[in-house]
Amino acid sequence: MKHVIPVALKLVLWSTVLFSILTIFNAPLLLIFFIALATVTISYALGDLFVLPRVGNFIAVIADLP
């Protein structure tokens, strides 16, 4: 249960960013949702569960940016 809120927050934020950018290029909403879901899944698994506990918050934030 402790992972639901961070993942949901990341999903909302990534969806907002991708929706803002990709609607300019007439991308379908379902595609935007799947791209956001894939990005959130990968970034949460790698950044928050793998990198953060090993190297600390500052380096994990830098690694999570791109």
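The values are calculated or read from the model by the stated rules, or taken from the named source; none is laboratory data. Because the structure is a prediction, the values reported are computed rather than measured. Neighbour counts run over all protein chains shown; Cβ positions are idealised from the backbone, glycine included. Accessible surface areas use protein heavy atoms only, side chains included; no ligands, DNA or RNA. Shrake-Rupley method; radii C 1.70, N 1.55, O 1.52, S 1.80 Å.
For the criterion of being in contact with a Leu (Cβ under 9 Å, 6 or more places away or on another chain) and of a type outside the set (D, E, K, R), residue 21 fails. Any chance you could count how many residues in region 15-34 are open to solvent by 80 Å² or more (accessible area, probe 1.4 Å) and either touching a residue at least 24 places away in the same chain (Cβ under 8 Å) or within 10 Å of the chain's Cα centre (by Cα) (or both)? Qualifying residue count, region 15-34: 0.
Of all the criteria given as (1) touching a Ser or Thr at 6+ places or on another chain (Cβ under 8 Å); (2) modelled with pLDDT under 90, the one not satisfied by residue 48 is (1). In the condition set (1) more than 12 Å from the chain's Cα centre (by Cα); (2) in contact (Cβ under 8 Å) with a residue 40 or more places away in the chain, residue 48 is compliant with all but (1).
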